[in-house]
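Below is one structure, written out as structure tokens; comments come after it.
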Protein chains: 2
Amino acid sequence: MAPNEIYQYSVISALMTGLSSASSSTTVSKLLSHGNLGLGTFESMDGEMVVLDGQAYQLKSDGSVGAAPETAKIPFGSVTEFVPQITKKSSLEDKSQLMQLVADLLPNARNHFVVIRVDGRFDTVKCRTIPPQAYEGEHLTEVGKRQTVKEYHDVEGTIVGFRSPQWSEGVSVVGIHVHFLNTDRSFGGHVLAVRADSEVSLGVAACTNLQIDLPQSQEFGARVLEDDAEGLKKVEG
Amino acid sequence: MAPNEIYQYSVISALMTGLSSASSSTTVSKLLSHGNLGLGTFESMDGEMVVLDGQAYQLKSDGSVGAAPETAKIPFGSVTEFVPQITKKSSLEDKSQLMQLVADLLPNARNHFVVIRVDGRFDTVKCRTIPPQAYEGEHLTEVGKRQTVKEYHDVEGTIVGFRSPQWSEGVSVVGIHVHFLNTDRSFGGHVLAVRADSEVSLGVAACTNLQIDLPQSQEFGARVLEDDAEGLKKVEG
């Protein structure tokens, strides 16, 4: 794929509905063939995925972090060959300032996707990691109720993810969706809050091409998918 | 692209919002490089587009039909290299029976896209064609109020289009969206109603891959897109 084109496996409404069994999944190696930066989750929603510099990491709710095997199954993932179009150094008061910075840097991309990467030392990163589904098909909002939340202070690492446009509701997480991984690759997760009093390095790119591969399983084809914007905001916002 | 992968230029919510100027458009030749069957509209929403056997036709609201020049601009279009997976001969009571037939033939594709092609002699085809926007940015629901509606009887031709899944609201026209062109390529339009007392030939294929190219214009990037499911149903349902 060309730089900053987004490849996505499945749609967020399928994940919300709990579709994350092996039959509705692709593999890490297939996902990585489409991009070197991104995020996602694993079979049975077992943790958060961070794709960074071409390597996929699995961040489990027990706090463990490891390189994901190439054969690991994933029910949802978004990646891109990231080439930053604009870079900026800035402190970060909170997650909404990150959102504002992205909007200011790419004012004419409100209906495009935006790839986001932030490198540096953060005073606070509050992360959540989801545990595996308690049973096949458990909805993401239910899984989210058992999530682990941890706050890390004075840590170095990278935030990666996307800002998705309003029209992509049902497809992606509308707004900013970012995951964190520390430099030592030992902790991280889905970013709930962030603060950096000193400057960190922000890189962004607007994406005008999206490719979606849908699971071909009978399970995916037969289920009624949830269009639950409120629930999604709670668990992925 | 591989057979039955869908290529789409722009998203339906952009078209609803009236984004169909030259700067937010691609060309017929670029669209045709991705598929040989499909539908769409033209710059300033000047009529309906039918793509059939690799040729794009422009069906204007004054009743004229012509081969669209390769350089003609289009703000929205969906095409695929169609290879039918299932074919069936059937009479058609109405449009909802067509919808039911598609659902029966592909029961496990409710979250996939489906390509539809129907060839034969139809007792009734009721078509609408939209006129050009009265001013740049005029919303599709407003343009639709000036549409031409015609009912054709005992006509031979082809219906082409897509069934799009619920999760694709904002992206595509959810449900069945089909256009008609008669065999002599002299009339047709967006299909509002259809009836075939004798058998016609239906071909369908489930699509598990969608590629979206977004307009790169400032106009596209800056506008607030309408998420108007009700309005869309009225004008494209």
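The values are calculated or read from the model by the stated rules, or taken from the named source; none is laboratory data. In this text the structure is predicted, and so the values were computed from the model without any measurement. Neighbour counts run over all protein chains shown; Cβ positions are idealised from the backbone, glycine included.
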(message) I'd like to know if region B:79-101 contains one or more residues that are small (G, A, S), assigned to a strand (DSSP E or B), modelled with pLDDT of 95 or more and under 15 Å from the mean Cα position of the chain (by Cα).
(response) no
(request) Give the residue that is nearest to the other protein chains (Cβ to nearest Cβ), with candidates limited to residues of region A:91-129 that are buried (at least 17 other Cβ atoms within 10 Å of the Cβ) and among the polar types (S, T, N, Q). (result) A:N111
(request) For A:S78, state whether it is crowded, with 24+ Cβ neighbours inside 10 Å and either out of contact with any Pro (no Cβ under 9 Å at 6 or more places or on another chain) or farther than 30 Å from B:L15 by Cβ (or both). (result) yes
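For region A:192-237, which residues satisfy the criterion of being touching a Pro at 6+ places or on another chain (Cβ under 6 Å) and away from chain B (no Cβ under 14 Å)? Step through it out loud before you land on a result.
Going through region A:192-237, the residues touching a Pro at 6+ places or on another chain (Cβ under 6 Å) turn out to be A:203, A:205.
A:G203, the sole residue that qualifies.
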(request) With the condition kept exactly as written, say whether any residue in region B:130-150 is within 28 Å of A:E169 (Cα to Cα), within 14 Å of another protein chain (Cβ to nearest Cβ) and either in contact with an Asp or Glu (Cβ under 6 Å, 6 or more places away or on another chain) or modelled with pLDDT of 95 or more (or both). (result) no
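Looking at this structure, is A:S21 surrounded by 18 or more Cβ atoms within 10 Å (Cβ to Cβ), more than 14 Å from every other protein chain (Cβ to nearest Cβ) and out of contact with any helix residue (DSSP H, G or I) (no Cβ under 6 Å at 6 or more places or on another chain)?
Numbers: surrounded by 18 or more Cβ atoms within 10 Å (Cβ to Cβ): yes; more than 14 Å from every other protein chain (Cβ to nearest Cβ): yes; out of contact with any helix residue (DSSP H, G or I) (no Cβ under 6 Å at 6 or more places or on another chain): yes.
Yes; evaluated as a whole, the condition is true for this residue.
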(request) For region A:30-77, please list each of the strands (runs of 3 or more DSSP E) lying entirely inside it that holds at least 3 residues being of a type in the set (D, E). (result) none
